[in-house]
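All remarks here apply to the structure that follows.
FYI, it's all coordinate maths here, none of it is from the lab. These numbers were taken from a predicted model, which means no experiment stands behind them. Because the Cβ atoms are built from the backbone with ideal geometry, glycine has one as well, and the counts that use them run over all protein chains shown.
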Amino acid sequence: MSVSGKAGARPRAVVCLSGGMDSTVCATLAAREYESYGLHFSYGQRTEARELQSARAVAKAVGLQDLMELETDLFRRIGGSALTDASIAVPEAAVEEDAAKRTGDQVPVTYVPFRNAHFLSAAVSWAEVLGAGTVFLGAVEQDSSGYPDCRPAYYDAFNRLIREGTKDGEISVVTPLIRLRKSEIVKLGVELGAPLHVSWSCYSGETEACGVCESCALRLRAFREAGAVDPIPYKVPQQA
């Protein structure tokens with residue numbers, strides 16, 4: 001999908017763009033300094049169509065040069081995640097106090113096994129062809145759902161793999177949001193003018209966000225703590 005088509009003299013970067021809040025802010029950051037190319041995966045997730053819609057809207061809003069849309073049925077076929085396996089229900093979020101204690105202690109059923117490694121491998125492959133030295137990913141460690149592939153050590157290890165396994169070994173995965181809290185990401189997004197109104201974070205809803213899954217709960221809490229109102233539609237009223 002061609003988005004902008006305007007080539008420039010800036011260094012190139014590939015941006016992993018899910019269409020979620022974090023990747024939207026990350027894409028906005030990347031597009032400020034780099035000639036940026038987006039990569040989006042449809043992998044059989046429950047909100048596949050809605051996430052693609054958001055990724056396209058974000059790519060257009062921030063001025064990405066191109067958006068490569070890839071599809072794989074690997075994760076649907078192997079199952080093991082509530083996001084890709086219809087037999088596993090998407091759980092409602094724990095109360096905020098329990099969620100804060102749980103973060104990082106156990107892996108939830110919404111974790112998709114080793115997903116980010118597949119996304120990053122494709123992004124690095126494209127970066128090699130484009131001559132891009134940077135791959136952006138909006139991973140967040142704090143306030144996350146406890147996913148093991150959202151830790152800084154994971155990306156340190158992946159960068160070592162890139163140095164050993166690519167032609168020139170000069171591509172780096174960067175995660176500019178990884179140590180921020182979700183509320184800080186909201187504030188940064190507002191400051192940058194990121195198109196948060198077209199982003200999508202819900203694990204189950206495609207017309208209205210459910211407001212009760214872990215991803216919705218984290219997002220809504222982040223907006224409250226940032227003193228802002230989430231611009232996307234929810235089935236349940238937002239708390240003041």
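With +1 on the Cβ of every Lys and Arg and -1 on the Cβ of every Asp and Glu, and nothing else charged, how large is the dipole of the chain about its Cα centre, in debye rounded to the nearest 20? Mind showing how you got there, number by number?
Values: 25 positive and 30 negative charges, 63 e Å.
With only Lys, Arg, Asp and Glu charged at Cβ, the dipole is about 300 debye.
For the residues Ser36, Ser87, Ser18, Ser125, what sequence is obtained by ranking on other C-beta atoms within 10 Å, fewest first? Lowest count first: Ser87, Ser125, Ser18, Ser36.
Taking only the alpha carbons of the chain, we obtain Rg and Dmax values of 17.0, 53 Å in that order. Note: relative contact order over segment 12-225, using C-alpha pairs below 8 Å and six or more positions apart, is 27 percent. Average projection, convex hull of the Cα set of segment 10-100: 7.3 square nanometres. Helix-derived [θ] at 222 nm for the chain: sum -39500 (n - 2.57) over DSSP H runs of at least 4, divide by residue count, nearest 500? Only helices count here, giving -12000 deg cm²/dmol.
Would you mind checking segment 108-127 for residues with the amide N under 19 Å from a putative spin-label position 7 Å along Cα→C-beta of Ile78? Residues passing the 19 Å test: 108-125.
Taking a point 7 Å from the Cα of Arg160 along the Cα-to-Cβ direction, the residues of segment 117-146 with backbone N closer than 20 Å to it are 117-118, 120-121, 124, 135.
Under 12 Å between alpha carbons, and skipping anything fewer than 8 positions from Lys187 in its own chain: which aspartates and glutamates qualify? Once the sequence-local aspartates and glutamates are set aside, what remains near Lys187 is Asp22, Glu225, Asp230.
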